[in-house]
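A short worksheet on the structure shown next.
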Amino acid sequence: MSVKPTTQIGNPIIRAKAKPVKDFSSKVVQKTINDLIDSMRQHDLVGMAAPQVGVSLRIFITEIRNTKHRKPKDIDILRVFINPKIISYSKRIVAGYEGCGSVASANLFGKVNRPDTVVVKACNEKGEEFELKAKGLLARVIQHEYDHIEGRVFLDKLTDKKSLMSGEEYMKMKKRKK
Ligand SMILES: [Zn+2]
């Protein structure tokens, strides 16, 4: 197992546009995928992109499951996206809170508006192409991770700066809403 410290904003790799993967079977690609899986789980995140483990390649993973900050209704399996393209977005826009392993080590949350549904085309870890229609939290995480490989973070897309809150306050707010 290889858990990487999460690259933080301020490090130029977070703002760089990541490069496409050419050789799917290369050691670098396979190692990056394994590092992402171990690191995402260890850092208690529901998605992670290669620049966050210091690799500027167009790879990200998602795994919608229970974490400290999230108890999602729609659990989803571990998925690997290589050279992804988001080919369509729903017109319906929804607001949701996001945090990020690369922003204050996932201890800062803020509201971001995003399309509710996306269709994404990508290759899996074997280099096989697939297409996926995602909605809800998975669609949000896919867009958040896709932004990472474009050099963007959720702070760039905040709906309202006043929605920013610490992890502790975010948990308190969620409890109040229940
Ligand atoms: Zn992130």
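Every number in this text was worked out from the coordinates using simple rules, so none of it is lab data. No experiment lies behind these values; they were computed from the predicted model shown. Positions of Cβ are generated from backbone atoms using ideal geometry, with glycine treated the same way; all protein chains shown enter the neighbour counts.
Observations on the structure shown:
- Residue in the stretch 112-125 that is closer than 23 Å to GLY10 by Cβ and among the charged types (D, E, K, R) present: no
- Filter pass, GLY54 being in contact with a strand residue (DSSP E or B) (Cβ under 6 Å, 6 or more places away or on another chain) and within 15 Å of the ligand (Cβ to nearest atom): no
- Among strands (runs of 3 or more DSSP E) entirely within the stretch 90-147, having at least 1 residues that are within 17 Å of THR62 (Cα to Cα), over 15 Å from the mean Cα position of the chain (by Cα) and among the aliphatic types (A, V, I, L, M) singles out 117-123, 129-135.
- Of all residues in the stretch 43-99, those satisfying the criterion of being small (Gly, Ala, Ser) and farther than 23 Å from GLN8 by Cα are SER88, SER90, ALA95.
- For beta carbons closer than 7 Å, sequence separation of 6+ or different chains, a first residue in the stretch 51-73 that is touching a residue at least 60 places away in the same chain (Cβ under 8 Å) and a second that is polar (S, T, N, Q) and within 15 Å of the ligand (Cβ to nearest atom), the qualifying pairs are PRO51/THR7; GLN52/THR6; GLN52/THR7; GLN52/SER102.
- Residue list for the stretch 13-40, filter: outside any loop (DSSP other than H, G, I, E, B) and either away from the ligand (no atom under 15 Å from the Cβ) or of a type in the set (Asp, Glu) (or both): LYS19, LYS27, VAL28, VAL29, GLN30, LYS31, THR32, ILE33, ASN34, ASP35, ILE37, ASP38
- Matching residues in the stretch 153-172 - criterion: being within 16 Å of the ligand (Cβ to nearest atom), in a loop (DSSP other than H, G, I, E, B) and in contact (Cβ under 8 Å) with a residue 60 or more places away in the chain: VAL153
- Within the stretch 116-166, the residues that satisfy the criterion of being buried (at least 16 other Cβ atoms within 10 Å of the Cβ) and of a type in the set (Phe, Trp, Tyr) are TYR146, PHE154.
- Scanning the stretch 91-132 for residues that are aromatic (Phe, Trp, Tyr) and away from the ligand (no atom under 16 Å from the Cβ) gives a single hit, PHE130.
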